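Taken together, the values in this text are just the output of simple stated rules run on the coordinates, not laboratory data. Here the structure is a predicted model, which is why all the values come from computation and not from measurement. Every residue, glycine among them, receives a Cβ derived from its backbone with ideal geometry; neighbour counts consider all protein chains shown.
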Amino acid sequence: MIDSTTRRSFLASSVGLLAAGVASQSAAAMAFAADPKFKISLAQWSLHRAIKGGKLDNLDFAATTKKEFGIEGVEYVNQFFKDKANDKKYLAEMNKRAADNGVTQLLIMIDGEGQLGDASLTKRAKAVENHYKWVEAAKELGCHSIRVNAGSSGSREEQIHRAADGLRALSEFGDKHGINVIVENHGGLSSDGDWLSTVIKKVDHKRCGTLPDFGNFGINRDKGEWFDRYRGTELLMPYAKAVSAKTYDFEESRPFVTIDSRWQKETDYKKMMKIVADSGYTGWVGIEYEGGKLDEFAGIKASKKLLERSIAELG
């Protein structure tokens with residue numbers, strides 16, 4: 001034990017060290033740790049090369065997230081355990097691995113289950129039904145949401161009606177299980193902030209919201225059709241139940257910017273996180289690294305530093 005005199009001396013010297021800037025944590029990391037408004041999670045797609053290449057198994061994702069990156073929240077991708085949605089034993093093992101590592105399972109990103117805004121009523125209904133198993137799997141994992149796409153066809157107005165119809169039906173099912181249905185700007189009209197915000201308003205269900213992705217505002221990238229990413233994020237944040245902090249490549253001389261060199265598009269993270277904060281959103285912000293210059297592990301670490309710096313700048 002430390003006597004009171006020694007303890008006072010120890011505390012005084014510790015404060016002196018911190019004041020002198022000798023602490024091992026960076027100023028940005030300390031500021032982030034002191035601000036409970038945001039927590040950092042990791043989207044599984046950030047490690048898609050490692051998973052598809054057989055270097056990382058889905059069951060090891062939670063442990064890797066905590067041990068390699070010090071991140072305590074995970075966002076799954078359904079294609080990495082696509083045949084396991086109804087496998088209670090497998091889902092129980094996912095729960096165990098996450099709990100053993102102190103990791104919170106937040107959501108499942110769903111692809112490949114049909115268009116929720118299909119022009120065919122029969123196909124639309126089938127797509128809604130295809131998502132049911134993932135709602136149930138999300139509940140089993142203790143997630144708050146599934147992330148879906150608002151794919152459709154037809155005129156702009158027709159797609160609003162069709163997407164809203166499918167999303168409403170799925171949100172009603174999700175409500176029975178306490179699971180949100182959140183839509184990402186993910187190409188086509190869904191990457192048009194005006195269109196997607198209109199769809200969410202039309203759905204008009206407490207379980208239906210958005211997952212704004214900082215980078216996915218390409219309506220038709222091959223034709224050069226883009227929606228302004230800052231305006232798009234502003235439009236989607238009022239409905240956000242999660243946030244996707246998409247990153248690409250980095251330059252040391254520009255510590256708050258990430259660059260998608262494929263399309264020569266930049267994202268100013270300081271500006272983006274101010275939009276997020278000003279919307280009143282609090283909670284998890286998920287890293288989704290898609291860069292090509294750094295390997296996935298290094299890219300995730302660089303993304304985390306970028307996000308921490310940007311949050312610290314909010315003051």
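A few comments on the model shown:
- Histogrammed with a bin width of 10 Å, the alpha carbon distances of region 53-119 distribute as 19, 49, 23, 8, 1 percent, first bin at zero.
- Only lysines eight or more places from LYS133 in sequence, or on another chain, were considered; those with a Cα closer than 16 Å are LYS82, LYS84, LYS88, LYS89, LYS176.
- Working from Cα pairs under 8 Å separated by at least six residues, relative contact order for the chain is 16 percent.
- 3J(HN,Hα) from dihedral phi, region 139-145, Karplus parametrisation 6.51/-1.76/1.60, rounded to Hz, x for glycine, proline: 5, 4, 8, x, 6, 9, 8
- Cross-link reach list, aspartates and glutamates versus LYS274, counting only Cα pairs under 18 Å and skipping chain neighbours closer than eight places: ASP35, ASP213, ASP228, GLU234, GLU266, GLU308, GLU313
- Residues whose placed amide H lies under 5 Å from that of VAL183, excluding near-sequence neighbours: VAL148, GLY209, THR210, LEU211
- Sorted from greatest to least, the principal axis extents spanned by the alpha carbons of region 136-200 come out as 38, 19, 16 Å.
- Pairs of alpha carbons in the chain separated by more than 31 Å make up 33% of all such pairs.
- log10 of Debye I(q)/I(0), alpha-carbon scatterers only, for region 224-315 at 0.10, 0.12, 0.13, 0.18 Å⁻¹: -0.24, -0.36, -0.42, -0.81
- Each Cα pair under 8 Å and six or more residues apart adds its sequence gap; the mean of these over the residue count of region 169-214 is a relative contact order of 47 percent.
- Annotation: amide H of LYS246 within the under-5 Å range of PHE214, GLY215, GLU288, sequence separation 5 or more or interchain, hydrogens built in the peptide plane.
- Rg over Rh for region 108-147 works out to 1.03, both radii taken from alpha-carbon positions and Rh defined as the Kirkwood radius.
- Once the Cα atoms are used to define both axes, helix 269-278 deviates from the longest principal axis of the chain by about 80 degrees.
- Dipole check for the chain: with +1 at the C-beta of Lys and Arg, -1 at the C-beta of Asp and Glu, and the Cα centre as origin, the magnitude is about 440 Debye.
- 19 Å Cα-Cα reach of LYS301 towards lysines, excluding residues that sit fewer than 8 places from it in its own chain: LYS39, LYS55, LYS66, LYS67, LYS246, LYS270, LYS293
- Karplus-derived 3J(HN,Hα), 6.51/-1.76/1.60, for each residue of region 48-65, Hz, glycine and proline x: 5, 5, 5, 6, 5, x, x, 8, 9, 8, 3, 5, 9, 5, 4, 5, 4, 4
- Positive-end residue of GLY193, GLY224, VAL181, charge dipole of the chain with Cβ unit charges: VAL181
- Placing one equal scatterer on every Cα of region 164-273 and applying the Debye formula, the log10 ratio I(q)/I(0) at q = 0.17, 0.19 Å⁻¹ is -0.79, -0.92.
- With θ taken as phi - 60° and the Karplus curve 6.51 cos²θ - 1.76 cosθ + 1.60 applied, the whole-hertz 3J(HN,Hα) list for region 169-185 is 4, 5, 5, 5, 5, x, 4, 5, 10, x, 10, 7, 10, 10, 10, 9, 5 Hz, x standing for glycine and proline.
- Each Cα pair under 8 Å and six or more residues apart adds its sequence gap; the mean of these over the residue count of region 95-236 is a relative contact order of 20 percent.
- Here's how it looks for ASP111: its modeled amide H is under 5 Å from those of ASN78, GLN79, which are all 5 or more places away or on a different chain.
- Volume per residue for region 273-315 equals 76 cubic angstrom (convex hull of Cα atoms).
- Local electrostatic count at ALA245 - Lys and Arg +1, Asp and Glu -1, tallied over other residues with Cβ under 9 Å: -1
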